[in-house]
1. Assuming R0 = 41 Å, can you tell me the calculated FRET efficiency for the pair Leu185 and Val236, based on Cβ-Cβ distance, to the nearest 0.05?
2. Can you list the HN-Hα couplings for segment 15-26, worked out from phi with the Karplus curve (6.51, -1.76, 1.60; θ = phi - 60°), rounded to whole Hz and with x for Gly and Pro?
3. For Leu161, what is the net charge nearby, where nearby means another residue's Cβ is under 9 Å from its Cβ and Lys, Arg count +1, Asp, Glu -1?
4. What distance in nm separates the two pseudo spin-label positions at Arg152 and Phe166, each 7 Å out from Cα along the beta-carbon direction?
5. Quick one: what do you get for segment 45-167 if you divide its Cα Rg by 2.2 N^0.38 Å?
6. List every residue whose amide H lies under 5 Å from the amide H of Leu71, counting only residues 5 or more places away in sequence or on a different chain, with H placed 1.01 Å from N in the peptide plane.
7. Taking a ≥ b ≥ c as the square roots of the Cα gyration tensor eigenvalues, with a/c under 1.5 meaning rounded and otherwise prolate when a/b beats b/c, else oblate, which class fits segment 1-76?
8. Calculated FRET efficiency, Ala196 and Phe125, Cβ-Cβ r, R0 22 Å, to nearest 0.05?
Amino acid sequence: MITVDPHHLQLQAGQRVLDLGCGEGRHAIHLWLTDVVEVVGVDLNFNDVATASERARPFAESGDVAGRLLLGVADGMSLPFADNSFDVVICSEVLEHINDYQAVLAEIDRVLKPAGIFAASVPSFFPEWVCWQLSDEYHQVEGGHVRIFRERQLRGSIESLGHRFFARHRAHALHAPYWWLKCLLWHRVDSRLLDAYHRLLVWDLMKKPRLTRWLEKLLNPLLGKSTVLYFVKPPVSQPDTASRPLEATA
């Protein structure tokens with residue numbers, strides 16, 4: 001299950017992609033399998049990176065891959081990469097966990113090449129707000145969410161770096177009610193209703209029936225659990241020659 005739409009990334013063969021906060025590898029592995037690009041997935045959680053590596057191993061052994069994949073542990077506020085290292089950066093469902101998220105955005109801006117594309121996703125305001133109202137544990141667990149973003153807040157923070165916004169969408173509307181139920185029944189670990197809904201989501205993910213795909217597409221603008229924003233970093237500015245005085249000629 002991926003949140004970022006690869007179509008908006010405008011990937012070209014040979015490009016380098018950074019999946020910052022890759023977690024267990026859903027975006028990094030997907031792009032590795034489908035595009036002739038080098039994907040670098042990093043996360044602060046060693047166990048998540050190890051899980052991503054395990055998930056990638058069968059594909060690597062089969063050779064049924066399109067690109068190259070590198071996974072490692074790194075801190076988003078101090079990335080171990082040179083300036084202008086990546087053509088595309090993905091940061092999906094990460095910024096809501098970080099107190100100083102502006103520092104992470106500054107690092108993304110530093111490692112992203114001029115004219116590169118940046119895709120950021122965070123939980124949508126309304127579905128997330130409902131979760132916070134239903135359960136304190138939902139966001140107070142270790143490593144939980146420290147804020148609820150409003151779309152204009154995140155967009156403004158990224159645009160302040162000079163990046164130009166060009167697309168947006170919401171995703172995973174069918175997952176919002178699941179998380180509301182999970183919050184409501186937080187202490188009911190044996191809830192049959194929650195288990196049944198989880199099985200429905202797994203079935204939908206594996207089978208992709210037309211009915212649920214259509215239903216989620218219809219509900220995404222209102223209930224989409226995630227909001228995804230896409231930006232392009234400005235190209236290298238050209239010297240301003242128009243205002244220079246002409247040199248005298250003999």
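1. About 0.15, to the nearest 0.05.
2. 6, 10, 10, 9, 9, 8, x, 5, x, 8, x, 4
3. Taking every Cβ under 9 Å from that of Leu161, the sum is -1.
4. Modelled inter-label distance: 2.5 nm.
5. So the Cα radius of gyration is 1.21 times the expected 2.2 N^0.38 Å.
6. Long-range HN contacts for Leu71: Gly41.
7. Since a/c reaches 1.5 but b/c is at least a/b, the shape of segment 1-76 is classed as oblate.
8. The calculated FRET efficiency here is 0.20.
Readers should treat all values here as calculations from the given coordinates under stated rules, not as data from a laboratory. Please read all numbers here as calculations on a predicted model, not as lab measurements. Every residue, glycine among them, receives a Cβ derived from its backbone with ideal geometry; neighbour counts consider all protein chains shown.
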